[in-house]
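Below is one structure; the comments refer to it alone.
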Amino acid sequence: MGEIDVVAQLSAEVAGPDMEQPVVRWHPLVRMGFRFGFAFLGAGMTGGWLATALIRSFGVPQETVAELTKWTGLYPLTDRVGKHIFHTTVDYTRSGSGDTAAQWISAFTWLLAAFAATAVWSVLDRHRPNYARLNAWFRLLLRGALVSALLLYGMVKLLPSQMTFVLQRLVEPFGDMSPMSVLWTQTALSEPYEIALGAAEITAALLLIAPLTAGLGSILAFIVTLQVALLNLTFDVPVKIFSLQLLAFAAVLAAPDIRRTVRALLGRAIPRREPELRFTTGRRNRILLAAQLIFGGWLFYTALTEGLDGWHTYGNARAQSPLYGIWNVTEYSVAGQQLPALVDFRESTRSGLPNASDRFRRIIFDIPDAITVQRMDDSLLPLPARIDTAGHTITIPRDATGGAPLAAFDYEQPQPNRLILIGQLAGHPIRMRLELIPLDHYPAVSRGFHWVQAEPYMR
């Protein structure tokens with residue numbers, strides 16, 4: 001009898017999903033919950049993201065990606081929901097925000113569709129005892145979507161280009177910044193911190209690729225997506241919908257392994273973790289494993305190439321302006337009349353001087369093809385600019401048509417930290433003298449790290 005028990009146990013261990021197993025009947029509410037989750041998270045959220053991520057990885061034009069995204073958002077049903085429920089016209093124009101009205105309405109439309117699909121599915125398939133096999137494929141789909149997103153967002157932090165250090169933040173009044181700008185700035189000021197955030201996301205993605213380490217990867221993914229979602233919600237970052245989707249993906253994947261981890265920490269025995277999806281033959285299982293590794297490798301490669309391109313184009317490895325730095329305007333004259341740095345606005349108007357708000361307080365040279373002007377009221381004005389180092393000229397175009405420029409200056413640099421600009425601005429003859437501010441003047445840049453501190457440094 002003992003030998004028969006051993007043989008039965010071994011047979012159960014090697015049995016695949018297609019071999020005869022005792023039928024486990026799920027509770028009706030569990031089956032209904034799975035149907036809704038598969039319809040909403042699987043078909044609605046995961047499927048659309050994976051489809052667009054894959055075609056992007058093959059270099060498909062952004063216009064095509066945008067059109068596919070529109071259709072995966074249930075267009076034109078979304079239009080009808082927007083019109084009849086929210087009484088608005090859905091605008092699909094891309095703006096860089098992930099929380100546009102169109103995206104919220106699309107998510108709501110998918111919610112309605114998922115409820116309808118669940119109702120129909122529950123009636124037509126009410127006798128099925130469980131969805132164990134479909135659940136395994138569902139979890140594989142969630143893993144793929146999570147790997148894709150974590151690699152994408154992790155790489156732009158590992159190669160800092162998502163939160164980029166921008167010079168103008170050093171002189172912009174804190175109160176003028178939006179919560180999102182504050183988050184971006186504090187993260188960009190510490191490049192090692194941003195890199196660590198990216199490394200955590202990439203590590204979770206790499207662990208999720210292989211079935212053997214997917215459990216650990218799902219727990220780490222849950223931790224990092226929870227942090228991202230909290231930051232997006234508390235700093236008003238317009239990626240709330242997608243970050244909450246990723247958190248839901250990670251929560252579904254991590255739920256069984258969190259329970260196992262807690263049991264292990266409590267000193268309780270836990271059963272061996274079996275593969276979520278396996279076939280009856282070793283060859284098919286090897287093909288499945290190879291497909292997952294190839295898919296993960298392809299996503300890693302495309303994320304790496306995009307990350308490197310972004311890092312060099314607009315990230316911290318981007319080219320700098322030949323006049324890089326923050327320059328104080330120490331002298332500013334209009335048609336030979338000096339406009340003091342500190343002047344009463346009413347007095348300047350009565351005296352016939354240009355309005356004090358038109359005077360430049362600082363000029364910030366950061367990237368090669370633009371400048372940022374800080375006016376006397378501390379407001380910042382970004383402007384396109386062409387700097388010709390051979391001809392020593394700075395041109396600020398009025399628009400992209402190539403007409404007369406808004407401003408044109410000849411510049412001299414008698415010393416590395418001195419600059420003289422002479423030219424025309426909006427039809428007025430302007431002369432400026434500028435002085436470079438050393439970056440170590442700003443504690444945010446120069447303070448650095450200290451193991452030993454006599455007292456808190458809260459300047």
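The values are calculated or read from the model by the stated rules, or taken from the named source; none is laboratory data. Model, not experiment: these values are computed from the prediction. Ideal geometry is used to build each Cβ from the backbone, glycine not excepted, and the neighbour counts take in all protein chains shown.
Give Ile430, Ile394, Ile422 a once-over and let me know the one that is over 32 Å from the mean Cα position of the chain (by Cα), more than 21 Å from Gln320 (Cα to Cα) and crowded, with 16+ Cβ neighbours inside 10 Å. Steps first, answer last, please.
Values: Ile394 fails: more than 21 Å from Gln320 (Cα to Cα); Ile422 fails: crowded, with 16+ Cβ neighbours inside 10 Å.
Checking each option against the conditions leaves just Ile430.
Ala101: more than 24 Å from the chain's Cα centre (by Cα) and either assigned by TED's automatic domain parsing to the domain that holds Lys83 or at pLDDT 95 or above (or both), yes or no?
no
Taking the stretch 438-449 as the search range and keeping residues that are of a type outside the set (D, E, K, R), part of a loop (DSSP other than H, G, I, E, B) and within 31 Å of the chain's Cα centre (by Cα), which one is nearest to Phe174 (Cα to Cα)?
Tyr442
Show the residue pairs that are 6+ apart or on different chains and have beta-carbon atoms under 8 Å apart, the first residue being within the stretch 253-279 and at negative phi and surrounded by 15 or more Cβ atoms within 10 Å (Cβ to Cβ), the second being part of a helix (DSSP H, G or I) and of a type in the set (D, E, K, R).
Every condition considered, the pairs that remain are Leu253/Arg139; Leu253/Arg143; Glu276/Arg139; Leu277/Arg139.
Being over 13 Å from the mean Cα position of the chain (by Cα) and closer than 22 Å to Ile294 by Cβ is the filter here; which residues of the stretch 128-164 pass it?
Ala136, Trp137, Phe138, Arg139, Leu140, Leu141, Leu142, Arg143, Gly144, Ala145, Leu146, Val147
When both residues are 6+ apart or on different chains and their Cβ atoms are under 9 Å apart, which pairs have a first residue that lies in the stretch 55-75 and is closer than 17 Å to Ser95 by Cα, and a second that is in a loop (DSSP other than H, G, I, E, B) and of a type in the set (D, E, K, R)?
Final answer for the pair search is Gln62/Arg94; Ala66/Arg94; Thr69/Arg94.
Does Ile371 qualify as being outside any loop (DSSP other than H, G, I, E, B), at pLDDT 90 or above and β-branched (Val, Ile, Thr)?
Here the answer is yes, as Ile371 does meet what is asked.
Quick one: in the stretch 94-140, which of the residues that are among the basic types (Lys, Arg) and in contact with a helix residue (DSSP H, G or I) (Cβ under 8 Å, 6 or more places away or on another chain) is farthest from Lys240 (Cα to Cα)?
The qualifying residue farthest from Lys240 (Cα to Cα) is Arg128.
Yes or no: the stretch 102-121 includes at least one residue that is surrounded by 14 or more Cβ atoms within 10 Å (Cβ to Cβ) and in contact with an Asp or Glu (Cβ under 8 Å, 6 or more places away or on another chain).
Scanning the stretch 102-121, I find at least one residue that is surrounded by 14 or more Cβ atoms within 10 Å (Cβ to Cβ) and in contact with an Asp or Glu (Cβ under 8 Å, 6 or more places away or on another chain), so the answer is yes.
What are the residues in the stretch 80-118 that are charged (D, E, K, R) and under 20 Å from Phe40 (Cβ atoms), if any?
Result: Arg80, Asp99.
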